[in-house]
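The values are calculated or read from the model by the stated rules, or taken from the named source; none is laboratory data. Since this is a predicted model, take the numbers as computed values, not measurements. Counting neighbours? That spans all protein chains shown, and the Cβs are built from the backbone with ideal geometry, glycine included. Areas reflect the complete protein model, heavy atoms only, side chains present, ligands, DNA and RNA absent. Shrake-Rupley method; radii C 1.70, N 1.55, O 1.52, S 1.80 Å.
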Amino acid sequence: MAEVNKQLKEKLNAELTFIFIDWGNFEEKMRVMSAAGDSYDLTMSTSWSNKLPINVSKGFYIPLDDLLAQYGQHVLEKVENKYWPATTFNGKIYAIPNPTTYAQTASFGYKKDLADKYNFNYKDVHTLKQLEPYLETIKKNEPGIIPFCATPANTPGLTNEGIDNINSFVAFNINDCKFVTFFEIQDRIDQYKTLSDFYKKGYIAKDAATKKDYTAEGKSGKYAVLPSTGAYSEDGSKATTVYGYPCYESFYKQSIVSTNTVQSTTTAISKTSKNPERAMMFVDLLFSDKKFFNTLCYGIEGQDYTVVSGAGTDNPIVQTNTDMTWVIYHPWIGSLFDQWPSNLNTQEALDKMKKENDSSTISPLLGFNFDVEPVKQEVSQIQAIIDEIKPVLETGTASNVDEYLAKAKDRCEKAGLDKVMTEVQKQYEVWKAANGK
């Protein structure tokens, strides 16, 4: 931070203070800070944590249109026009979509020594059910190993084919252009049943539903099958880097490009910012000065990373010794594609992810942001129920999935699920007409 602020003083006559929040408390801490009116300038706000639509509806962020026009020219150059609708609410931009893997791939990870020991043909595994023979083998022969790593934050193998999630309990089926609830997505329900079966057979840890940090679980080395690290690498390098020991990977999912995925990592400016102009200048610097940006993400040359080749150029290849306990992920503050190629992501991997964005299916609903204000009480009540049941379902700890879902559905309906669905449909019709869909 001393080096960053030395450079920042010269470039913007400003100083940066990071407020680091441990992962398990991030969303709650940001909610409390924002509601209390605490002063801060910039924050990561996403579709999955510190949620962008909710924060916008509560008035916690300021519109950015004028600031972008005056101080964000490099941001506007790098964020493609097709992505801005995802962060636009009532005609105003409220967050910057940080370029990243919007069409994200996901993979099963495998501890290499175990896969080799049992001659496991992992390359042919792309679903949860295809894993079972291997999990059974591990259960029988490796008493010190838990066969499958399931956590509430990241359980591998969960897919939603052709589904665009509006929030955690309303989705849009892009094949028939109809809205469905959490309780109507049959593929996911079948996957929950498979996980329940895994749990009963002892393939999943008994306390899986209480585990918050999937990375820490993976790093422990006590699992045979590991959660996705956020992008599939055919050679297993992504999982190997994240977990710290040799791994294999097999692909199981590629998401569509949607409002939800574009909101997967964005930067917003708080309404409590005392200098929003300088905050936008800082973000623009991250998008324009690759050396400064990568210093913020990788650290100090010779201390945190070494240059492998291309010294003195704008895009050197580096070897970083920043373990995953502190490294600042590039797309959480700027563009993934401005990161220097490294052992975290090779240039080939970066090019592949960019190509996947460009070639992937784009949801017909991209740019539709559901305004929860007319049904905010119902949404809040239903969200509390979903937050309660998802960790149970996604770690297999629901003994009877059909009964568990039926009870949860009844609770959600009493909390106003039908009213929310009616409001979503109503807003969709207005949006569709306004956008010539």
### Message
For the stretch 29-50, give me each residue that is surrounded by 12 or more Cβ atoms within 10 Å (Cβ to Cβ) and without any contact (Cβ under 8 Å) to a residue 60 or more places away in the chain.
### Response
LYS29, MET30, ARG31, MET33, SER49, ASN50
### Message
So, LYS92, is that one among the charged types (D, E, K, R), open to solvent by 10 Å² or more (accessible area, probe 1.4 Å) and farther than 17 Å from PHE337 by Cα or not?
### Response
yes
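Go through the stretch 333-350 and report how many residues are outside any loop (DSSP other than H, G, I, E, B) and under 12 Å from THR101 (Cβ atoms). I'd like the intermediate steps shown before the answer.
Of the stretch 333-350, the ones outside any loop (DSSP other than H, G, I, E, B) are 336-338, 342, 347-350.
With under 12 Å from THR101 (Cβ atoms) added as a condition, the list becomes 336-337, 349-350.
So the count comes out to 4.
Tell me the residue from ALA415, ALA398, ALA434 that is touching a Phe, Trp or Tyr at 6+ places or on another chain (Cβ under 6 Å) and either over 22 Å from ILE163 (Cα atoms) or among the aromatic types (Phe, Trp, Tyr) (or both), please. Spell out the reasoning first.
On the way: ALA415 fails: touching a Phe, Trp or Tyr at 6+ places or on another chain (Cβ under 6 Å); ALA434 fails: touching a Phe, Trp or Tyr at 6+ places or on another chain (Cβ under 6 Å).
Residue meeting the stated conditions: ALA398.
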### Query
Would you pick out the residues in the stretch 128-161 that are modelled with pLDDT of 95 or more, more than 17 Å from the chain's Cα centre (by Cα) and under 30 Å from SER258 (Cα atoms)?
LEU128, LYS129, GLN130, LEU131, PHE148, CYS149
### Message
I'd like the full set of residues that are open to solvent by 20 Å² or more (accessible area, probe 1.4 Å) and either under 16 Å from ASN165 (Cα atoms) or in a helix (DSSP H, G or I) (or both), limited to the stretch 233-265.
### Response
SER237, LYS238, THR240, THR241, LYS253, GLN254, SER255, ILE256, ASN260, THR261, SER264
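Residues ILE174, ILE204, ILE166, ILE145: which one is in contact (Cβ under 8 Å) with a residue 24 or more places away in the chain and surrounded by fewer than 18 Cβ atoms within 10 Å (Cβ to Cβ)? It would help to see each step written out before you state the result.
Working: ILE174 fails: surrounded by fewer than 18 Cβ atoms within 10 Å (Cβ to Cβ); ILE204 fails: surrounded by fewer than 18 Cβ atoms within 10 Å (Cβ to Cβ); ILE166 fails: surrounded by fewer than 18 Cβ atoms within 10 Å (Cβ to Cβ).
So the residue among ILE174, ILE204, ILE166, ILE145 that is in contact (Cβ under 8 Å) with a residue 24 or more places away in the chain and surrounded by fewer than 18 Cβ atoms within 10 Å (Cβ to Cβ) is ILE145.
Residues being in contact (Cβ under 8 Å) with a residue 24 or more places away in the chain and open to solvent by 30 Å² or more (accessible area, probe 1.4 Å): count how many of those fall in the stretch 316-343. Write out each step before concluding.
First, the residues of the stretch 316-343 that are in contact (Cβ under 8 Å) with a residue 24 or more places away in the chain: 316-320, 322-324, 327-343.
Keeping just the survivors that are open to solvent by 30 Å² or more (accessible area, probe 1.4 Å) gives 317, 319, 323-324, 329, 332, 337, 343.
Summing the residues that are in contact (Cβ under 8 Å) with a residue 24 or more places away in the chain and open to solvent by 30 Å² or more (accessible area, probe 1.4 Å) in the stretch 316-343 gives 8.
Let's see how each residue does on (1) part of a helix (DSSP H, G or I); (2) crowded, with 20+ Cβ neighbours inside 10 Å:
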site	(1), (2)
LYS355	yes, no
PRO364	no, no
PRO374	yes, no
GLN377	yes, no
SER380	yes, no
GLU388	yes, no
ALA398	no, yes
LEU405	yes, no
